[in-house]
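The values are calculated or read from the model by the stated rules, or taken from the named source; none is laboratory data. All figures in this text were calculated on a predicted structure; none of them were measured in a lab. Neighbour counts run over all protein chains shown; Cβ positions are idealised from the backbone, glycine included. For the accessible areas, the whole protein counts, side chains as well, though only heavy atoms, and no ligand, DNA or RNA atoms are used. Shrake-Rupley method; radii C 1.70, N 1.55, O 1.52, S 1.80 Å.
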Amino acid sequence: IIAIGVSMDAFAVSICKGLSVRRLKPVHMISAAAWFGGFQALMPLIGYYLGVSFADSVADFDHWIAFVLLGIIGGNMIREAVGGDGVEHSDSDFSFRTMLAMAVATSIDALAVGVSFAFLQVDIWIAILLIGLTTGLFSGVGVFIGNLFGSRYKSRSEFVGGLILIAMGLKILLEHLELVLIRYIRNFKELV
C-alpha cells in the first residue's frame with residue numbers, strides 16, 4: 001500500500017511526460033519506468049540506513065515519527081493535488097539531466113518513508129523491491145495514459161496517494177497506541 005502511495009507523484013509526472021510526447025515509443029515508457037522506479041527504490045534504502053543509525057535512541061516515540069513523516073508527505077501530496085495551478089511544467093525531453101532531476105524530485109518523499117521504515121519491523125529489501133517495481137509499472141503506464149487521455153487524472157492520483165500515506169501513518173500510530181493501552185490494562189489488572 002505504501003508502494004502505491006509513494007508512486008503517485010511519479011505516476012502524475014509520467015502522465016505529464018506522456019502528454020508532451022507527440023509520438024509515443026516504448027523507449028519513453030521504459031525510460032520513465034527505469035528512472036522513477038529506480039529512484040523510488042534507492043531513496044527509501046538511503047532513508048532506512050539513515051534512520052537505523054539513530055533508531056535505538058528514538059525507540060520510545062518512533063511510531064510518532066512514522067506517523068508525522070507519512071502525514072506530512074501525504075498532506076503535501078493532497079495540497080498539491082487540490083491547490084495546484086493546473087499547469088504542469090513538462091516537456092518531451094527524456095535526456096539524462098531532465099530525467100535525473102525529475103526522478104530525484106519525485107522520490108524525496110520516499111527518502112522520508114525509508115526513515116520511517118527504520119522504526120518499524122520491515123524487511124527493507126522486499127520493501128524497496130515492491131516500491132521500485134510498483135513505481136516503475138505506474139510510471140510506464142502513466143506515460144501511456146498521459147499520451148492517450150491527457151492530464152485530467154493527475155490531481156486525482158496525487159490526492160489518492162496522499163490519502164494512502166496518511167492512512168498508513170494513522171494505522172501505525174493506532175496499532176502502537178493499542179499495544180500501549182493493552183499493556184496499561186494488564187498492569188492495572190495486576191495491581192488490582
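Being at pLDDT 90 or above, open to solvent by 50 Å² or more (accessible area, probe 1.4 Å) and more than 30 Å from LEU179 (Cα to Cα), is that true of even one residue in segment 46-58? No; the residues of segment 46-58 include none that is at pLDDT 90 or above, open to solvent by 50 Å² or more (accessible area, probe 1.4 Å) and more than 30 Å from LEU179 (Cα to Cα). Considering each residue of segment 82-94 in turn, at least one proves to be part of a helix (DSSP H, G or I), more than 30 Å from PHE54 (Cα to Cα) and at pLDDT 80 or above.
Out of the residues in segment 112-146 that are open to solvent by 60 Å² or more (accessible area, probe 1.4 Å) and closer than 29 Å to VAL21 by Cβ, state the one that is farthest from the chain's Cα centre (by Cα). Looking at residues that are open to solvent by 60 Å² or more (accessible area, probe 1.4 Å) and closer than 29 Å to VAL21 by Cβ, I get PHE144. Just so you know, in segment 107-160 the residues that are at pLDDT below 80 and hydroxyl-bearing (Ser, Thr, Tyr) include one that is farthest from ALA81 (Cα to Cα), and it is SER151.
Within segment 95-111, how many residues turn out to be among the basic types (Lys, Arg) and either part of a loop (DSSP other than H, G, I, E, B) or open to solvent by less than 60 Å² (accessible area, probe 1.4 Å) (or both)? Break it down into steps so the answer makes sense when it comes.
Filtering segment 95-111 for residues among the basic types (Lys, Arg) gives 97.
Right, trim to either part of a loop (DSSP other than H, G, I, E, B) or open to solvent by less than 60 Å² (accessible area, probe 1.4 Å) (or both) and you get none.
Here the count works out to 0.
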